[in-house]
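Quick notes on the structure that follows.
None of the figures in this text is laboratory data; all of them are computed from the coordinates on show. In this text, all values refer to a predicted model and were calculated from it rather than measured experimentally.
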Amino acid sequence: MGVIKRKLIQKDRVILSNLLLKYSAKGLSEGILSMIDSDALDTGKPQNDNERALINLGVDLLGKIAIELQEDIKIWFASLIGVTPEEFEVQDFDIEMQIIEELAQDKNFKHFFFGLFQKFNSIQKFLPRSGTAKEK
């Protein structure tokens, strides 16, 4: 293990879901929608290409959430590395990037975003299309 000191658990999925909801509640959901391109879930592509695209989307989205919800991310990231939020503030300069890079390798993190984007893909026809990636 690297900087993350524990495996992801069900509570982390709930935390990540809540972060996404909070991000959307800030009026930033269009940003999420604009990041998602149907090509990321193209069933005609090799599985590795789809997986890579989904991981990249998940990492990009987590990065955007980290910028907008700094306190919430600090609390979650601190729990992942086994420190208090106060101790987190004195970690290495690039600690957030280290954590995000490790999360991107975690199969549970990958499954979370794969499920999220699959659900999006199945309901996208019902969503408004203003400013989304679909209007290219």
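Express in nm, to one decimal, how much length is gained between Val83 and Val14 on full extension, taking 0.36 nm for each residue of separation and deducting their alpha carbon distance.
22.9 nm
Tell me, what ³J(HN,Hα) does each residue in region 86-100 have, in order and in whole Hz, if you take phi through Karplus 6.51 cos²θ - 1.76 cosθ + 1.60 with θ = phi - 60° and put x for Gly and Pro?
Using θ = phi - 60°, the values come out as 5, 5, 4, 5, 10, 6, 3, 3, 9, 4, 4, 5, 4, 5, 4 Hz.
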